[in-house]
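Colleague: Please find one structure pasted underneath; my questions will follow.
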Amino acid sequence: MPTEPGSLILTPEALPPAQIDRIKDARIVPMEGGRGMAHGVFRPDGSFCPGSATLLSRSRLSIAPSPPDESQFKHLQGRHLYAGVGRHHFGHFLVEGLGRLWALDRHADEIDGILIVPKHNKDIEAVIHRRFLPFYSLLCEEKPLWLIDSPARVDELLLPSPGFGHGNWTIGTPEFRAFIRRRIAERITPDGPERVYVSRTRFKTPAHRMDQEEALERKMIKAGYVSFHPEHYTLEEQCQVYMSAREIVGADGSAFHLAPFALQPGTRVGLIQRRARQPAFDALVAQIRAFVDVELHTFHPLCAEAEAATDRDAAAPIDLAALLAALKSRNFL
């Protein structure tokens with residue numbers, strides 16, 4: 001399949017420098033089925049834009065789709081910004097769906113809408129309206145969102161390079177970091193306790209929790225922390241809590257992808273490893289350090305047998321006594 005000479009090539013190893021490709025008469029192809037999650041943008045000459053790919057989990061880039069027949073494309077008038085993939089999963093929504101929005105700092109006034117490619121066979125419209133639309137509106141100047149679930153032809157497309165993502169991309173580009181933190185700081189007011197424990201105890205799936213967390217949570221509450229279950233709050237309310245916190249402790253997970261967008265400099269952060277997925281934990285650590293100057297402490301309480309676990313997404317057994325001692329030694333307890 002032809003690729004435009006000189007066009008942006010993405011690699012999982014590092015984010016590219018910020019740039020925006022303007023494409024007249026662009027074709028956007030929705031996501032196909034399969035593990036490759038093929039989707040993206042074509043130029044009118046039929047060449048694929050590799051810069052429209054998405055970095056997926058485990059350092060996989062989405063693949064180029066098969067270009068549909070021209071008769072299948074529906075015309076969308078105007079100039080639009082390509083935002084990438086829309087996902088149900090909260091963490092994937094953050095790391096796969098927001099990274100190109102930094103371009104709004106430069107071009108918000110000239111675009112007519114923002115284009116999102118839903119995951120294949122997922123009707124995310126209800127999820128977006130219920131959970132994500134207010135946050136999108138906060139970031140996107142209330143520009144209309146278009147879900148590209150069928151082939152679309154656009155008069156002009158702004159294709160920004162990704163500024164954030166999985167793995168090595170969690171550190172973000174300077175442009176994305178400035179965009180997301182400034183927009184949240186300008187539009188959200190801190191409202192919450194100064195000591196926050198981010199709890200996973202109400203997740204229904206055991207794999208999503210942390211081993212022995214109920215006992216840890218009781219200790220944190222006794223020490224004066226407020227137990228916070230972010231999944232029961234809007235994204236704006238979550239940001240309000242993270243902005244107000246002066247000490248925040250919790251296990252690795254999606255909440256700590258959102259928190260660095262809103263945390264105040266100087267906040268004491270205690271991040272606990274709950275899974276035997278060292279690269280995922282390291283990526284969260286790198287993100288926090290890149291986005292905001294906090295006092296970050298990491299805790300690694302996994303038992304030795306955790307390394308032998310076959311399911312590295314599941315909660316691994318921890319040494320609770322060792323974790324409590326470490327939290328105490330660093331003045332979190």
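Colleague: How large are Rg and Dmax for segment 20-90 when only the alpha carbon atoms are used, in Å?
Modeller: Gyration radius and largest Cα-Cα distance of segment 20-90: 12.6, 36 Å.
Colleague: For segment 142-160 and segment 163-211, what is the separation of their C-alpha centers, rounded to whole Å?
Modeller: Going from one Cα centre to the other spans 27 Å.
Colleague: Here's another thing I want to ask about it. Excluding ligands, DNA and RNA, what is the solvent-accessible area per residue of segment 197-290 at a probe of 1.4 Å, expressed in Å²?
Modeller: Per-residue accessible area for segment 197-290 comes out at 37 Å².
Colleague: Continuing with this model, one more query. Limiting things to C-alpha atoms, what are the Rg and the maximum Cα-Cα separation (Dmax) for segment 263-331, in angstroms?
Modeller: 13.1, 38
Colleague: Shifting gears a bit: So which aspartates and glutamates pass the test for LYS328, namely a Cα distance under 15 Å, with those fewer than 8 places away in the same chain ruled out?
Modeller: The qualifying aspartates and glutamates are GLU217, GLU247, ASP319.
Colleague: In angstroms, what radius of gyration and Dmax does segment 1-124 have, counting Cα atoms only?
Modeller: Considering segment 1-124 through its Cα atoms, Rg and Dmax are 14.0, 38 Å.
Colleague: Can you return the aspartates and glutamates within cross-link range of LYS222? Criterion is Cα-Cα under 13 Å, with same-chain partners fewer than 8 residues away left out.
Modeller: GLU214
Colleague: Once both axes come from the Cα atoms, what is the angle between helix 213-222 and the longest principal axis of the chain, in degrees from 0 to 90, rounded to 10?
Modeller: That helix lies at roughly 70 degrees to the long axis.
Colleague: If you don't mind, another one. For a quick size check, give me the Cα extents of segment 52-195 along its three principal axes, largest first, whole Å.
Modeller: Per principal axis, max minus min of the Cα coordinates gives 57, 36, 30 Å.
Colleague: If I ignore ligands, DNA and RNA and count only protein heavy atoms, how much of ASP25 is accessible to a 1.4 Å probe, in Å² to the nearest 10?
Modeller: 50
Colleague: Among bridges DSSP assigns within the chain, what percent are antiparallel (round to 5)?
Modeller: 35
Colleague: How far is helix 174-187 tilted off the main Cα axis of the chain, in degrees rounded to 10, range 0 to 90?
Modeller: 70
Colleague: In whole angstrom, how long is each semi-axis of the equivalent ellipsoid of segment 202-333, when you take the square root of 5 times every eigenvalue of its Cα gyration tensor and sort them from largest down?
Modeller: 22, 17, 16
Colleague: Turning to a different aspect of this structure: Within the set of other residues whose C-beta is less than 10 Å from the C-beta of VAL196, count the net charge using Lys and Arg as +1 and Asp and Glu as -1.
Modeller: 0
Colleague: Tell me the label-point distance for the pair HIS232, GLU305, using the 7 Å Cα-to-Cβ offset, in nm and rounded to one decimal.
Modeller: Going from the HIS232 label point to the GLU305 one covers 3.2 nm.
Colleague: Further, regarding this structure: Please report, to one decimal in angstroms, the Kirkwood hydrodynamic radius of the chain built from all distinct Cα-Cα pairs.
Modeller: Final number for the Kirkwood radius of the chain is 20.8 Å.
Colleague: Could you name the lysines in cross-link range of LYS143, using Cα to Cα under 28 Å and dropping any fewer than eight places away on the same chain?
Modeller: LYS24, LYS74, LYS119, LYS122
The values are calculated or read from the model by the stated rules, or taken from the named source; none is laboratory data. The structure displayed is predicted, hence computed values, not measured ones. We place every Cβ from the backbone using ideal geometry, glycine too, and count neighbours over all the protein chains shown. Ligands, DNA and RNA are stripped out before the accessible areas are found, and what is left, the full protein with its side chains, is counted by its heavy atoms. Shrake-Rupley method; radii C 1.70, N 1.55, O 1.52, S 1.80 Å.
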